[in-house]
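The values are calculated or read from the model by the stated rules, or taken from the named source; none is laboratory data. Worth saying up front: this structure is predicted, and the values here are computed from it rather than measured. Cβ sites come from the backbone with ideal geometry, for glycine too, and all protein chains shown count toward neighbours.
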Amino acid sequence: MSAASSAAARVRIQIQDFDLSAEVAALRGGHAGIGAVCSFIGTVRDRHAAGPEVGAAEPILAMELEHYPGMTEKAIEAMIDQAQQRFDIFDARVIHRVGLLQAMDQIVLVAVASKHRHESFAACEFLMDYLKTQAPFWKKEQTAQGACWVDARVADDAALARWGISASNL
Amino acid sequence: MKVEIRYFASIREAVGVAAESVETTADTLAALRDELIALDAPHAQALARGRALRMALNQVMCRESVSLLDGAEVAFFPPVTGG
C-alpha cells in the first residue's frame, strides 16, 4: 500500500451520481508525491454506436445497468491490484453506477494517481479495458421500440489483448 | 452435493428465476450446465450450447472445465457490457 492510499474504498458500485472533483481530491489525499492524476468518465449516449449515420439509429430513452453484487466489487479490486503491479501508480478509484440511467448521465469513473503522467494514462486505460470485458455489468437499452440487452463488442476483447490478456481465457 | 446457482441479465430472463439451489452429481461446470439444460425448456434455451455464455465459480470467472465444489456459488451470464 502506498502512502497515498486512504481509508476510502477504492471501488464503489452505486445508484447515485458522483462528483469528479471530490473524487480526485480524495484520491490525491494531500499527498505531495503525486505529480499526475488521470481520469476517465464514461457517459450514456443517446444513440447506438453501431449506426453509420447520425440520426439513423433509434434514440435511447434510458439505460438499465445490472451487476453481480459481491463479484463485481471483487473483480474490480483485483483489476486495481493488477494495475498496481504493472504500473508505478500510487492509487486508483473506480466508481460504477447501476440502476436506471438517462442519456448524458455519467456511468463510470476511473481515476489514477502517479508520480508521472505516462503511468497514470496507461493504468487508466488498462483499468477501463479490463473493466469492459471482465467486470460483471450488463446494460439494457430502452428505446421507443422496447428494451434490448446490449451485445458485447469484439473490439473490447481486442483492447484487452493489447495488454497481453486474453478475455476468453479467463 | 448442493450448489447455489445465479443467473444474470438475458440469461436470468430466459431461465425465469434469478437464483436457485440444486442437488447435483456433476463434477464440472460443464456437466452441471448439461444437467440444467435437461431440466426444462427455459433452462435449455438459456444455457444452450453455442449461445455466448460466461460463468463464475464462487464469484470468480472461470472456464466450464473447472471442478464443481460442494456448497459452491455458480453463476451463468452473458458476456459483460459495463463501462
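Worth a mention:
- Complete set of residues in segment B:62-83 that are surrounded by fewer than 19 Cβ atoms within 10 Å (Cβ to Cβ), part of a strand (DSSP E or B) and within 12 Å of the chain's Cα centre (by Cα): B:C62, B:E73
- Within segment A:121-135, residues that are within 12 Å of chain B (Cβ to nearest Cβ) reach partners that are surrounded by fewer than 24 Cβ atoms within 10 Å (Cβ to Cβ) and among the hydroxyl-bearing types (S, T, Y) with beta carbons closer than 6 Å, at six or more positions or on different chains, in the pairs A:A135/A:T72.
- For first residues located in segment A:14-40 and closer than 17 Å to A:L127 by Cα, partners that are basic (K, R) and lie 6+ apart or on another chain with Cβ distances below 8 Å form the pairs A:E23/A:R93; A:L27/A:R93; A:A36/A:K115; A:A36/A:R117; A:V37/A:R28; A:C38/A:R117.
- 1 or more residues surrounded by 15 or more Cβ atoms within 10 Å (Cβ to Cβ) and among the polar types (S, T, N, Q): qualifying helices (runs of 4 or more DSSP H) within segment B:1-59: B:9-15
- Considering (1) within 27 Å of A:R153 (Cα to Cα); (2) modelled with pLDDT of 95 or more, the lone condition that B:R51 does not fulfil carries the number (2).
- Single match in A:A92, A:A75, A:A57 (criterion: more than 14 Å from every other protein chain (Cβ to nearest Cβ) and modelled with pLDDT of 95 or more): A:A92
- Meets criteria (within 18 Å of the chain's Cα centre (by Cα), surrounded by fewer than 22 Cβ atoms within 10 Å (Cβ to Cβ) and β-branched (V, I, T)) for A:V44: yes
- Residue, nearest to B:V3 (Cα to Cα), within segment B:36-62, restricted to residues that are touching a strand residue (DSSP E or B) at 6+ places or on another chain (Cβ under 8 Å) and not aliphatic (A, V, I, L, M): B:N58
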